[in-house]
Amino acid sequence: QVQFVESGGGLVQPGGSLSLSCAASGNGFSIFAMAWYRQAPGKQRERVATIYRSGSTNYADSVKGRFTISRDNSKNTVYLQMNSLKPEDTAVYYCNRGGPQFGPWGQGTQVTVSS
């Protein structure tokens, strides 16, 4: 059974940076596209970044140029480097497969951008 554990969130001032990690258990990590998602209070969960088997990436327009997704298949881990953070980036961040099939959702990691 696949499981995802996110870490690295916290409180940061606008313009600051954070680096998130997601450790995946289970087999076959390298064959799946992986993605980071976020959910702000009162809003639906949205996808912010995807990394495919090939290593190619895709980003939501709202984070393009500021966030970078990467993966280390030897460690079954996916990362999200977040720079130039804005208050509107405040949310709980989750990782999961890139779809169409998803694993169970983890607890996520809270990112709060505030002065």
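Would you mind stating whether GLY9 is of a type in the set (Gly, Ala, Ser) and open to solvent by 20 Å² or more (accessible area, probe 1.4 Å)?
yes
Exactly one condition in (1) in a loop (DSSP other than H, G, I, E, B); (2) open to solvent by 30 Å² or more (accessible area, probe 1.4 Å) is false for ARG71; which is it?
Of (1) in a loop (DSSP other than H, G, I, E, B); (2) open to solvent by 30 Å² or more (accessible area, probe 1.4 Å), only one is false for ARG71: (1).
For segment 66-85, give me the residue count where each residue is farther than 17 Å from VAL113 by Cα, touching a strand residue (DSSP E or B) at 6+ places or on another chain (Cβ under 8 Å) and not aliphatic (A, V, I, L, M). Give the derivation first.
So the first thing to find is which residues in segment 66-85 are farther than 17 Å from VAL113 by Cα, and the list is 68-79.
Within this subset, residues satisfying the condition of being touching a strand residue (DSSP E or B) at 6+ places or on another chain (Cβ under 8 Å) are 68-72, 75-79.
In the following step, the residues that additionally are not aliphatic (A, V, I, L, M) were identified as 68, 70-72, 75-77, 79.
Selection size over segment 66-85: 8.
Go through (1) without any contact (Cβ under 8 Å) to a residue 12 or more places away in the chain; (2) part of a loop (DSSP other than H, G, I, E, B) one by one and return the number of the condition ASN58 breaks.
With respect to (1) without any contact (Cβ under 8 Å) to a residue 12 or more places away in the chain; (2) part of a loop (DSSP other than H, G, I, E, B), ASN58 is out only on (2).
Scan segment 40-49 for residues that are open to solvent by less than 80 Å² (accessible area, probe 1.4 Å) and either of a type outside the set (A, V, I, L, M) or part of a strand (DSSP E or B) (or both) and jot them down.
First pass over segment 40-49, keeping only residues open to solvent by less than 80 Å² (accessible area, probe 1.4 Å): 40, 46, 48-49.
GLU46, VAL48, ALA49 - these are the residues of segment 40-49 that are open to solvent by less than 80 Å² (accessible area, probe 1.4 Å) and either of a type outside the set (A, V, I, L, M) or part of a strand (DSSP E or B) (or both).
Of the residues TYR37, TYR52, TYR94, TYR79, only one is touching a residue at least 24 places away in the same chain (Cβ under 8 Å) and surrounded by fewer than 17 Cβ atoms within 10 Å (Cβ to Cβ); which?
Values: TYR37 fails: surrounded by fewer than 17 Cβ atoms within 10 Å (Cβ to Cβ); TYR94 fails: surrounded by fewer than 17 Cβ atoms within 10 Å (Cβ to Cβ); TYR79 fails: surrounded by fewer than 17 Cβ atoms within 10 Å (Cβ to Cβ).
Being touching a residue at least 24 places away in the same chain (Cβ under 8 Å) and surrounded by fewer than 17 Cβ atoms within 10 Å (Cβ to Cβ) holds for just one of TYR37, TYR52, TYR94, TYR79, which is TYR52.
The values are calculated or read from the model by the stated rules, or taken from the named source; none is laboratory data. All values derive from a computational prediction rather than experimental measurement. Here the Cβ is made from the backbone with ideal geometry for all residues, glycine too, and neighbour counts use every protein chain on show. Ligands, DNA and RNA are excluded from the accessible area calculation, which covers all protein heavy atoms including side chains. Shrake-Rupley method; radii C 1.70, N 1.55, O 1.52, S 1.80 Å.
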